Amino acid sequence: MSIAARNIGSQAGIAIVRMTEHDLLEVVEIEEQSGLSRWGWAAYYAELQSGNPNLMLIAVPRQAAIIEHRRIAGYIVARETAGELHINNVAVRGSYRRRGIGRALLESIIQEARRLSVTTAFLEVRSGNLAAQKLYEESGFKAIAQRSNYYSDPAEDAVVMSLVLMQKPA
Ligand SMILES: CC(C)(COP(=O)(O)OP(=O)(O)OC[C@H]1O[C@@H](n2cnc3c(N)ncnc32)[C@H](O)[C@@H]1OP(=O)(O)O)[C@@H](O)C(=O)NCCC(=O)NCCS
């Protein structure tokens, strides 16, 4: 059953569904407004073509009026490789923050990772991005390493965080 049908991340007022090609302009807009390292339309499109569609999710408010074709409150993009999940991007539109949408997106992707028998989830976050680090810590992620000058514009260290989902078989 698809994520859209299961609606795995649903919470009051929000549906978490698969991202499609039609969502990419809005996804890129949210990316640009969120200060993330730039992927841009082409990279998201390529990921949609080659990645697992259940690991590219958007949060859609159920009741909000669609204003100027905008309907997406946030999104998350991850990739599964050899039993590991790499969370590449997560962002919530400024006007929708602190309503539990980031947490719902993260929990949805973790739920999907468990379904895929992922053993460990990883992500990198700017060392100064305490809001995101708090969100990840609340979902069980722990800081495991620091990468010097990992980011540019502006230069900043990355904190590598991981969440063990399943013990590897001996
Ligand atoms: C990080 C981000 C995705 C969080 O999204 P969100 O929908 O606002 O997060 P939630 O409402 O689900 O918050 C869940 C918890 O995270 C923590 N948190 C989120 N934003 C926070 C902030 N600005 N300051 C402190 N803690 C924060 C809180 O513990 C919060 O729980 P609470 O609201 O009950 O206190 C959002 O701030 C964002 O898009 N930031 C810009 C992009 C970004 O930094 N992405 C991460 C890149 S690694």
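Filtered by the rule that a residue be within 21 Å of R38 (Cβ to Cβ) and among the hydroxyl-bearing types (S, T, Y), the stretch 113-147 gives a lone residue, S127.
Cβ-Cβ distances below 7 Å connect the following pairs, each with a first residue in the stretch 33-51 that is under 12 Å from V77 (Cβ atoms), a second residue that is of a type in the set (S, T, N, Q) and at pLDDT 95 or above, and a separation of six or more residues or different chains: L36/N89; W39/N89. Residues that are surrounded by fewer than 18 Cβ atoms within 10 Å (Cβ to Cβ) and within 7 Å of the ligand (Cβ to nearest atom) within the stretch 133-145 comprise K134, E138, listed in sequence order. Are any residues in the stretch 86-123 more than 17 Å from E29 (Cα to Cα) and charged (D, E, K, R), and if so, which ones? Answer for the stretch 86-123, where residues must be more than 17 Å from E29 (Cα to Cα) and charged (D, E, K, R): R98, R99, R103, E107, E112, R114, R115. Taking the conditions exactly as written (small (G, A, S), away from the ligand (no atom under 12 Å from the Cβ) and in a helix (DSSP H, G or I)), does A46 satisfy them or not? When the stated conditions are applied, A46 passes them.
There is at least one residue in the stretch 54-62 that is within 17 Å of A113 (Cα to Cα), assigned to a helix (DSSP H, G or I) and either among the acidic types (D, E) or modelled with pLDDT of 95 or more (or both).
Looking across the stretch 91-125, the residues that are among the β-branched types (V, I, T) and either under 18 Å from T20 (Cβ atoms) or touching a Ser or Thr at 6+ places or on another chain (Cβ under 6 Å) (or both) come down to I109, T120. Among the residues here, V159 qualifies as within 13 Å of the ligand (Cβ to nearest atom) and either within 12 Å of the chain's Cα centre (by Cα) or surrounded by 13 or more Cβ atoms within 10 Å (Cβ to Cβ) (or both).
The values are calculated or read from the model by the stated rules, or taken from the named source; none is laboratory data. These figures come from a predicted structure and were not determined experimentally. We place every Cβ from the backbone using ideal geometry, glycine too, and count neighbours over all the protein chains shown.
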